[in-house]
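**Q** Submitted below is the structure of interest, expressed as structure tokens.
Bear in mind these aren't lab numbers, they're just calculated from the coordinates by the rules spelled out. Being a predicted model, the structure only gives us computed values, none of them experimental. FYI the Cβ positions are ideal-geometry reconstructions off the backbone, even for glycines, and counts take in every protein chain you see.
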Amino acid sequence: MKDMISVVVPCYNEEQALPYFIQEIQSVAAQMAQKQVELEVLLVNDGSKDGTLALLRDYAAQHQNVRYFSFSRNFGKEAAMYAGLEHARGDYVAIMDADMQDPPSLLPQMYDILQTGEYDSVATRRVSRKGEPPIRSLFARMFYKLINRISDADIVDGARDYRLMNRTMVDAILSMQEYNRFSKGIFGWVGFRTHWLPYENVERVAGETKWSFWKLFRYSVEGIVAFSTAPLAIASVVGLVVCLAAVAALVVVLGKTLLFGDPVAGWPSMMCMILFLGGIQLLTMGIMGQYLAKTYLETKRRPIYILAEQSDEKE
Ligand code: UDP
Ligand code: MG
């Protein structure tokens, strides 16, 4: 065999989708074998509460090219991807969802693109968000606009985590051992030459999405905190603007009193100012708190995931 591709698959409550997935990936493996390329599949069980782990044990027993890793609890998709990358032995590593929203059939094409030697990774981008609630798409688009303005990591709208990378890039990603992981940012941050492969959105084959709107919202905040410090500057900018406004107001009030002898009637406007400034202060303190919290977690240097079980190592 010429090359080996490791396919990393995070699985959280995927007992319904996995049978389809394993069948599809094995047919891709057969296809790749003709190109003298070996495929190993790393299934990472992210603390599933359904029969996922039992399935993984079966697959590893049945298929020579399947290995599995099982977490002690749910650590999140980011941790599962990291664990997979860490254990991957291939010259190339692909990250792929278990629900077939990342079509395994694209893999041969992605491999061919890397073979030209012009790119270090091939990543996929959804050009449509068909089948997704409109409100979710709207927020997603707003998020990508915002984060690209305030961060220097290049984060592509519609980018999936589905990608194939060469060893150099995988090692670069593994060298980023931060605890608060935001892969979309990490992929962009490490650089390298990436080819973008557009495709139409595919709906998941079975089971339910693991992302509620609220979970996605928290994830986007995490992304911003992880890859931009711009929000920290909000306090100084707002502070400056408020100071300038106060000086202008002072001039107006003084002038009015001197010229017209007008006593200033003021308590409603004063209330507004107090509430407004109090609000801004609390908001900026909250933002600082977000960064402080992340710093706190980061300094603890906790492991990114904990394994409870894994398949017997095979050659
Ligand atoms: N996933 C995971 N841990 C989690 C949530 C999700 O490993 O806490 C996996 C899930 O099994 C799937 C992938 O991440 O393989 C993407 O999840 P999902 O399809 O629910 O997300 P969506 O495609 O709707 O964004
Ligand atoms: Mg999905």
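**Q** Over the stretch 148-272, what is the mean sequence separation of C-alpha contacts under 8 Å (at least six apart), divided by residue count, expressed as relative contact order in percent?
**A** 31 percent
**Q** Hey, another quick one. Grab the DSSP H runs of the chain that are 4 residues or longer, score each as -39,500 (n - 2.57), total them, divide by all residues and round the 222 nm result to the nearest 500 deg cm²/dmol.
**A** Helix contribution divided over all residues of the chain: -16000 deg cm²/dmol.
**Q** I need the per residue convex hull volume for the chain, using only the alpha carbons, in cubic angstrom as a whole number.
**A** It is 163 Å³ per residue.
**Q** Given Cα pairs under 8 Å that are at least 6 residues apart, what percent is the relative contact order of the stretch 66-194?
**A** This gives 36 percent for the stretch 66-194.
**Q** If the only charges are +1 at each Lys and Arg Cβ and -1 at each Asp and Glu Cβ, what is the size of the charge dipole of the stretch 259-315 around the Cα centre, to the nearest 20 debye?
**A** Taking the Cα centre of the stretch 259-315 as origin, the dipole is about 240 debye.
**Q** Starting from the exponent 0.38 and prefactor 2.2 Å, build the expected Rg for the stretch 76-187 from its residue count and divide its actual Cα Rg by it.
**A** The value comes to 1.11.
**Q** Let me ask you something else. Could you please tell me the mean projected area of the C-alpha convex hull for the stretch 125-175, averaged over all directions and given in square nanometres to one decimal?
**A** The orientation-averaged projected area of the Cα hull of the stretch 125-175 comes to 4.6 nm².
**Q** Relative to the present Cα-Cα distance, how much length would full extension add between Ile150 and Thr168 at 0.36 nm per residue of separation?
**A** Here the segment from Ile150 to Thr168 would lengthen by 3.7 nm.
**Q** Restricting the count to DSSP beta bridges whose residues both fall in the chain, what percent are antiparallel, rounded to a multiple of 5?
**A** Among the beta bridges of the chain, antiparallel pairing accounts for roughly 30 percent.
**Q** Let me ask something additional. Determine the distance separating the Cα centre of the stretch 31-94 from the Cα centre of the stretch 119-173; give it in Å without decimals.
**A** 23 Å
**Q** To the nearest 0.05, what FRET efficiency results for Ala33 and Ala245 with a Förster distance of 51 Å applied to their C-beta separation?
**A** Taking R0 as 51 Å, the efficiency between Ala33 and Ala245 is 0.15.
**Q** Just going by the charge dipole of the chain, with Lys and Arg at +1 and Asp and Glu at -1 on Cβ, which of Ala226, Pro104, Val238 is farthest out on the positive end?
**A** Val238
**Q** Could you work out the per residue convex hull volume over the alpha carbons of the stretch 169-231, in cubic angstrom?
**A** 153 Å³
**Q** Please give the helix 213-227 orientation as an angle from the longest Cα principal axis of the chain, in degrees from 0 to 90, rounded to the nearest 10.
**A** The angle comes out near 80 degrees.
**Q** Between helix 267-299 and the chain, what is the angle of the helix's C-alpha long axis to the longest principal axis, kept within 0 to 90° and rounded to the nearest 10?
**A** Once rounded, the angle reads 30 degrees.
**Q** Helix 52-62 sits at what angle to the longest principal axis of the chain, using alpha carbons and giving 0 to 90 degrees rounded to 10?
**A** 30 degrees
**Q** Here's something else I'd like to know. Test of the criteria: in the stretch 257-315, which trypsin sites (Lys or Arg not before Pro) are in a DSSP loop and have at most 13 other Cβ atoms within 10 angstrom of their Cβ?
**A** Passing sites in the stretch 257-315 are Lys300, Arg301, Lys314.
**Q** Which whole-Hz couplings ³J(HN,Hα) result when phi for each residue of the stretch 133-150 is put into the Karplus expression 6.51 cos²θ - 1.76 cosθ + 1.60, θ = phi - 60°, listed in order with x for Gly and Pro?
**A** Going residue by residue, I get x, x, 5, 5, 4, 4, 5, 4, 5, 4, 4, 5, 4, 4, 5, 6, 6, 9 Hz, with x marking Gly and Pro.
**Q** Please state the charge dipole magnitude for the stretch 5-133, taken about the Cα centre, from unit charges on C-beta atoms (+1 on K and R, -1 on D and E), reported in debye and rounded to the nearest 20.
**A** 160 debye
**Q** At a threshold of 8 angstrom on Cα-Cα distance, excluding pairs fewer than six apart, so keeping six or more, what relative contact order does the stretch 13-91 reach in percent?
**A** Averaging sequence separation for qualifying contacts and normalising by length gives 33 percent for the stretch 13-91.
**Q** Quick one: work out Rg over Rh on the C-alpha atoms of the stretch 245-315, Rh as Kirkwood radius.
**A** That ratio equals 1.55.
**Q** Hey, got the dipole for the stretch 157-236? About the Cα centre, +1 on K and R Cβ, -1 on D and E Cβ, debye to the nearest 20?
**A** Dipole about the Cα centre, nearest 20: 100 debye.
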